[in-house]
Amino acid sequence: MLPDYVTRPPSGFYRTVNPVSKLAVAALEVFAAFLISGWLGPGAVLAVVAVTAVLAGRLRGLATLALAASPIVISILLID
């Protein structure tokens, strides 16, 4: 017999999306961040990522990642 968490079908907004679709959205976000000039591109991508995290219920994980990446982001902003 398998445990319940193994046989349970995925539920939720983000878990039911095809992995290839997730990869395509991630690639589009990278291209948008680099192709749209100024702060608009990266800002729009961050907004889309934040909305996706809220819908998927993963905002805490995104906050942890943002906190871990903050030293390098701050150093990049200070140098530029």
Legend entry - Pair list, Cβ under 7 Å, 6 or more apart: segment 18-37 residue more than 13 Å from residue 48 (Cα to Cα) and open to solvent by less than 100 Å² (accessible area, probe 1.4 Å), other residue modelled with pLDDT of 85 or more and not in a loop (DSSP other than H, G, I, E, B): 36/44
Legend entry - Positions within segment 21-73 being of a type in the set (Gly, Ala, Ser), over 24 Å from residue 11 (Cα atoms) and touching a helix residue (DSSP H, G or I) at 6+ places or on another chain (Cβ under 6 Å), in sequence order: 32, 33, 41
Legend entry - Selected residue (criterion: farthest from residue 58 (Cα to Cα)) from residues of segment 1-17 that are of a type in the set (A, V, I, L, M, F, W, C), over 18 Å from the mean Cα position of the chain (by Cα) and open to solvent by 100 Å² or more (accessible area, probe 1.4 Å): 1
Legend entry - Hits in segment 1-20 - residues which are modelled with pLDDT under 85, of a type outside the set (Ser, Thr, Tyr) and either touching a helix residue (DSSP H, G or I) at 6+ places or on another chain (Cβ under 8 Å) or assigned to a loop (DSSP other than H, G, I, E, B) (or both): 1, 2, 3, 8, 9, 10, 12, 13, 15, 17
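The values are calculated or read from the model by the stated rules, or taken from the named source; none is laboratory data. Not measured: the values here are computed from a predicted model. Positions of Cβ are generated from backbone atoms using ideal geometry, with glycine treated the same way; all protein chains shown enter the neighbour counts. The protein model used for the area step is the full one, side chains on, heavy atoms only, and it has no ligands, DNA or RNA in it. Shrake-Rupley method; radii C 1.70, N 1.55, O 1.52, S 1.80 Å.
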